[in-house]
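Read through the structure below, which is laid out as structure tokens, and then see the notes.
The values are calculated or read from the model by the stated rules, or taken from the named source; none is laboratory data. Because the structure is predicted, anything quoted here is derived from the model rather than measured. Positions of Cβ are backbone-derived with ideal geometry, glycine not excepted, and every protein chain shown enters the neighbour counts. Accessible surface is based on the protein model in full, side chains and every heavy atom, while ligands, DNA and RNA are left aside. Shrake-Rupley method; radii C 1.70, N 1.55, O 1.52, S 1.80 Å.
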Amino acid sequence: MAAPMELYCWAGGWGLPSVDPDCLAVLTYARFTGAPLKVHKITNPWRSPSGTLPALKTKDEGIISDTQQIITHLRKQKFNADYDLSARQGADTLAFVSLLQEKLLPVLIHTFWVDAKNYVEHTRKWYGEAIPFPLNFFLPGRMQKRQLERLQMVCGENCLDNEEELEKELYREARECLTLLSQRLGRQKFFFGDSPASLDAIVFSHLAPLLKAKLPNGKFQQHLKSLPNLCNYCTSILSLYFPWDEGDPPPSVPKAAAGDGSDAEEEPYKRRNQVLSVLVGLVAMVGYALLTGIVSVQKQQPRPGGPRAIALEEEEEEEEE
């Protein structure tokens, strides 16, 4: 029997199998199709073979890190959620996915990573507590920077110059997008009837974090909650395909019996990551000491009394002068 494909993704939280929309999309698509994945839910991206999440480790194509490419690979392996769609429905899928990327994704980035209150009290707090020391000191900030760059790719390089105007524009377009999705879904179980498709995985991965996160500033979240069919849609997918909290098997179920083959204890890159963690810790501590002035490097002329070590007390005295 061939070894199963291995998926590395962010761990669950907020009642979701993964807190990251990209990871959530892949996990959901895999559940829809029954793809036999061995899932590693982790909180340290450096444990991923690519250094990023999600990442799919395959036998034939190596490591795949792009969400859409992972879904395409699963289709090639005959796990195709869109097999029964008509040409018209396939075209609708492409149109709605494009709409989500242009109208809904930017407001999600703004809500979780740009809005100061949400970022400090919710997003950074969760990742800071989940990511192991010492990576939790700088990885959340690096992730925020990457998300801002992602936002600028969609909205333009100067979009953050006027954040108040940007927020108004993003929220207006996203509300229209949610209303359109609500109208398109109607009373159906899924967007194309009684069976889920790839569009459902993408829509769910965008809506569920917004619905489930406990945001201190939930202005846009309230608009989603005002659309009951979209809320019920997310709740239904969670109960049908992730019937346990946060997507992890309950304590009474052995992990070997879990459908996704999760194996949080296996660390194929353990030695590499241990070395990197130690190096990062040292660099972080030295950098902090230099930036805060606890330690400084000064060039001094030799004195007749011989070389002299630079003491912290001496630095303080020089600063006072």
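Our coupling estimate for region 51-67, obtained by passing each phi through the Karplus curve with A = 6.51, B = -1.76, C = 1.60 and θ = phi - 60°, is x, 9, 10, x, 8, 10, 9, 10, 7, 9, 10, x, 9, 10, 10, 7, 4 Hz, Gly and Pro reported as x. The H on the amide N of Asn217, modeled in the peptide plane, is under 5 Å from the matching H of Asn118, each at least 5 residues off or on a different chain.
Taking only protein heavy atoms and a 1.4 Å probe, the accessible area of region 83-185 is 51% carbon and sulfur. Residue-wise HN-Hα couplings along region 85-97, as the Karplus relation 6.51 cos²θ - 1.76 cosθ + 1.60 with θ = phi - 60° gives them from phi, are 6, 7, 4, 5, 5, x, 5, 4, 4, 4, 5, 6, 4 Hz; Gly and Pro carry x. In terms of the mean number of neighbouring beta-carbon atoms within 10 Å, the peptides 129-137, 16-24 order highest first as 16-24, 129-137. Think of a 1.4 Å ball rolled over the protein heavy atoms: region 41-166 then has 54 Å² of accessible area per residue. Cross-linked pairs Lys76/Lys225; Lys103/Lys212; Lys57/Lys225: Cα-Cα separations exceed 30 Å for Lys76/Lys225; Lys57/Lys225. Annotation for Phe138 and Arg184: the two label points, set 7 Å from Cα along the Cα-Cβ direction, are 4.2 nm apart.
Under a Cβ-only charge scheme (Lys and Arg +1, Asp and Glu -1), can you give me the dipole magnitude of region 119-215 about the Cα centre, in debye to the nearest 20? So the dipole magnitude of region 119-215 works out to roughly 500 debye. The convex hull built on the alpha-carbon positions of region 36-89 has an orientation-averaged projected area of 4.6 nm². Derived scalar couplings between HN and Hα for region 191-200 equal 5, 10, x, 8, 10, x, 10, 4, 4, 5 Hz in order, rounded to whole Hz, by the Karplus curve 6.51 cos²θ - 1.76 cosθ + 1.60 (θ = phi - 60°), x for Gly and Pro. Compute log10 of I(q)/I(0) for region 1-158 with the Debye formula, placing one identical point scatterer on every Cα and leaving out solvent, at q = 0.17 Å⁻¹, to two decimals. The Cα Debye sum returns log10 ratios of -1.13. For region 163-223, count all C-alpha to C-alpha pairs, find those more than 20 Å apart, and express that count as a whole percent of the total. Here the tail beyond 20 Å accounts for 35 percent of pairs.
Rg and Dmax of region 192-234, both derived from C-alpha coordinates alone, stand at 11.4, 36 Å. In this Cβ point-charge picture (+1 for Lys and Arg, -1 for Asp and Glu), region 1-101 has a dipole of about 280 debye about its Cα centre. Applying 1/(1 + (r/R0)^6) with r as the Cβ-Cβ distance of Arg150 and Asn229 and R0 = 22 angstrom yields a FRET efficiency of 0.15.
Measuring between their Cα centroids, region 151-222 and region 110-128 lie 17 Å from each other.
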